[in-house]
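Heads up: the structure comes next, in structure tokens.
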Amino acid sequence: MGRSKVTADKKIEIKTLLEIGFCQRQVARDLHVSQTCIAHVSKKLKHNLPLSNSIGQENNEPFNFVPRVQGGGGTVSVWECMSGDARGPIMIYTDKMNGPAYIKTIQDALPMFIENTFDTVNDNWI
């Protein structure tokens, strides 16, 4: 006999019956699917995950994106400026990049870039 793929429509039907209050065993029996399939759908409902793993497979439902964090959720931002043949320093920031942090990064990097790139006799940019 073997396994057969459960369609998105069938998963929505399973979801509806579980939300109404039917037990998993009865849903499996009524819809002729395995109890393992019902348990997987139930687990996805419990954790508010999309029923399918692919975009656009669920009918009449928007794609649900669940962000996942790997490696403890650390962040690294890289900032650099360039103009023509000149490049500024690469600034690496390992904390959350918000407005004040971005302004500080520019304040640290931009003067070095301007001094190394443009004529130091002209001070109109200061």
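Within the stretch 22-43, which residues are of a type in the set (Gly, Ala, Ser) and outside any helix (DSSP H, G or I)? Quick ask: steps written out before the conclusion?
Going through the stretch 22-43, the residues of a type in the set (Gly, Ala, Ser) turn out to be 28, 34, 39, 42.
Within the stretch 22-43, just Ser34 meets the criteria.
I need the full set of residues from the stretch 99-124 which are assigned to a loop (DSSP other than H, G, I, E, B) and either at pLDDT 80 or above or surrounded by 10 or more Cβ atoms within 10 Å (Cβ to Cβ) (or both), in order please.
First, the residues of the stretch 99-124 that are assigned to a loop (DSSP other than H, G, I, E, B): 118-124.
Across the stretch 99-124, the qualifying residue is only Phe118.
Name the single residue that is modelled with the highest pLDDT among those in the stretch 13-39 being surrounded by 12 or more Cβ atoms within 10 Å (Cβ to Cβ) and either outside the structural domain of Leu51 (by TED's automatic domain parsing) or of a type in the set (Lys, Arg) (or both).
Arg29
The values are calculated or read from the model by the stated rules, or taken from the named source; none is laboratory data. As the structure is a computational prediction, the values presented were derived from the model and not from experiment. Every residue, glycine among them, receives a Cβ derived from its backbone with ideal geometry; neighbour counts consider all protein chains shown.
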